[in-house]
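The structure under discussion appears below in the form of structure tokens.
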Amino acid sequence: MNIVTEPKLTGKPIADKPHKRPVRLVRWFLIVGVLLGAIVGGLVFFKFVFLPNLFKEIFSKPPPPTNVNVAMAKSEVIPNLLTAVGDLAAVHQVNVTSDVNGRITDIMFTAGASVKAGTPLLQLFDGPDQGDLANFKAQQRVAQISLDRAKQLAERQVGPQATVDSAQAAFDQATAGIAKTEAIISQKLVRAPFDGELGVRKVEVGQYLTAGTQIVSLTDLSMLFANFTVTEKDSAQLKVGQIVRIAVDAYPGRTFEGKITTIEPQIATETRNIRVQATLQNPDKILKPGMFATTTVVLPDKPPVVTVPETAVDYTLYGDSVYLVGEKKAEDGKTSLTVTRTFVQTGNRVEGRAEILKGLKDGDRVVAVGQLKLQSGSAVTISNDPVPPTPAKPPRY
């Protein structure tokens, strides 16, 4: 049977295959192409049109002025000071010892007490010496009687002169024995050599003490030395009698005043420094020998110099600089404040102010606070807030 020739059957022959067009695939490629073109075009527009215009708009606007504190450079006479470090030493300080050997029989002082010169401190056993003293005194009395009798006989020309001479020699021997024994006895009674404060007791009753053994320390705190060194360059500025201000860590914020009393006549060849000694009174006895001290010598005043607050100076390896405040007139006639970085030569820094040896003149306005946000040419506005005080120096440890 032929299926095609059947009247009730419809359709196409099996051998005829349909030919369909790839409409969906072409449409997909068109959509993808349009999207890629849009993306590439957007990127090109963003990079070469939008961003340049954005940056141009941003950088074409001047940054807002920076609010800063301004200080005036002024010419003034500042203290001429020379600072050095040293230590304190007692004018009178000694370790009390005994001149002779002996056993301790009595300790007559209290550790830490204040004593006067000549106060008995310690007694060594002196029994045999006391016996020798009594013996020599007895011999002296007998020799005195014999001498008087011999002189009377010699005056009446009854006795020879040789008897007088012998009696005189015996008397002198007894007197010398007394003096020697009394000296030995006095050596065994140890006394304070000067007024001062006693330290820690180093001996005990009954201890056999050899000559030179330390008994106790004795220090006179009423007057102290401040010993310090300065460089060879600064030695020419020093003179005996100059005032020295002394500061110690134990009493921060407080200064003690003394005067230079001794300047070493020669400079140390190893360090090229010269040793200086000042003397200061210590009526309250609060300063102690051995304290670390910062000494400041008050030198004669220098001519006036230009100074600015120490915070205004930017210290760098490339040089010291300040931001100088000036006025700038715009095209529209308006005046604004700008800063210019100016390199300066600095000197000493005293009490929160820095010497400007070169680069500024009296009356110049400089930025005292707020330099971190500035560069040369930046616009600024002046803050009404006062310039903060210079921070206190940190303590030394």
Within the range 162-184, considering residues that are among the hydroxyl-bearing types (S, T, Y) and closer than 13 Å to I145 by Cα, the one nearest to the chain's Cα centre (by Cα): S166
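Yes/no per residue for (1) assigned to a strand (DSSP E or B); (2) within 30 Å of V70 (Cα to Cα):
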position	(1), (2)
A250	no, no
T296	yes, no
T307	yes, yes
T338	yes, yes
V344	yes, yes
R349	yes, yes
Criterion first (over 47 Å from the mean Cα position of the chain (by Cα) and either surrounded by fewer than 18 Cβ atoms within 10 Å (Cβ to Cβ) or not hydroxyl-bearing (S, T, Y) (or both)) does L153 satisfy it? yes
Checking V298 against (1) more than 27 Å from V77 (Cα to Cα); (2) open to solvent by 30 Å² or more (accessible area, probe 1.4 Å): exactly one of these is not met. Which one? (1)
Boolean, L43 is under 30 Å from L337 (Cα atoms) and outside any strand (DSSP E or B): no
Mind checking which residues of the range 232-252 are over 15 Å from F292 (Cα atoms) and open to solvent by 60 Å² or more (accessible area, probe 1.4 Å)? E232, K233, A236, Q237, K239, V240, I243
Single match in V100, V164 (criterion: over 27 Å from T213 (Cβ atoms) and not polar (S, T, N, Q)): V164
Checklist (1) part of a strand (DSSP E or B); (2) farther than 30 Å from A368 by Cα; (3) open to solvent by less than 40 Å² (accessible area, probe 1.4 Å); (4) out of contact with any helix residue (DSSP H, G or I) (no Cβ under 7 Å at 6 or more places or on another chain) applied to I274, failing item: (4)
Does the range 341-361 hold any residues that are in contact (Cβ under 8 Å) with a residue 60 or more places away in the chain and surrounded by 14 or more Cβ atoms within 10 Å (Cβ to Cβ), and which are they? N348, V350, R353, E355, I356, L360
Would you check if G112 is over 16 Å from Q214 (Cα atoms) and either among the small types (G, A, S) or surrounded by 15 or more Cβ atoms within 10 Å (Cβ to Cβ) (or both)? no
Taking the condition of being open to solvent by less than 50 Å² (accessible area, probe 1.4 Å) and either modelled with pLDDT under 90 or not aromatic (F, W, Y) (or both), how many residues in the range 308-323 meet it? 8
Is it the case that T279 is modelled with pLDDT of 95 or more and out of contact with any Cys (no Cβ under 6 Å at 6 or more places or on another chain)? yes
Just checking, which of E204, E257 is out of contact with any Asp or Glu (no Cβ under 9 Å at 6 or more places or on another chain), surrounded by fewer than 16 Cβ atoms within 10 Å (Cβ to Cβ) and over 30 Å from D301 (Cα atoms)? E204
Count, please, the residues in the range 156-174 that happen to be open to solvent by 60 Å² or more (accessible area, probe 1.4 Å) and not polar (S, T, N, Q). 6
For the range 183-193, does any single residue satisfy the condition of being open to solvent by less than 40 Å² (accessible area, probe 1.4 Å), within 30 Å of D284 (Cβ to Cβ), assigned to a strand (DSSP E or B) and of a type outside the set (S, T, Y)? yes
When restricted to T279, T229, the only residue part of a strand (DSSP E or B), open to solvent by less than 40 Å² (accessible area, probe 1.4 Å) and of a type in the set (S, T, Y) is T279
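The values are calculated or read from the model by the stated rules, or taken from the named source; none is laboratory data. From a predicted model like this one, the values you see are computed outputs, not experimental measurements. As a convention, Cβ positions derive from the backbone with ideal geometry for all residues, glycine included, and neighbour counts pool all protein chains shown. Areas reflect the complete protein model, heavy atoms only, side chains present, ligands, DNA and RNA absent. Shrake-Rupley method; radii C 1.70, N 1.55, O 1.52, S 1.80 Å.
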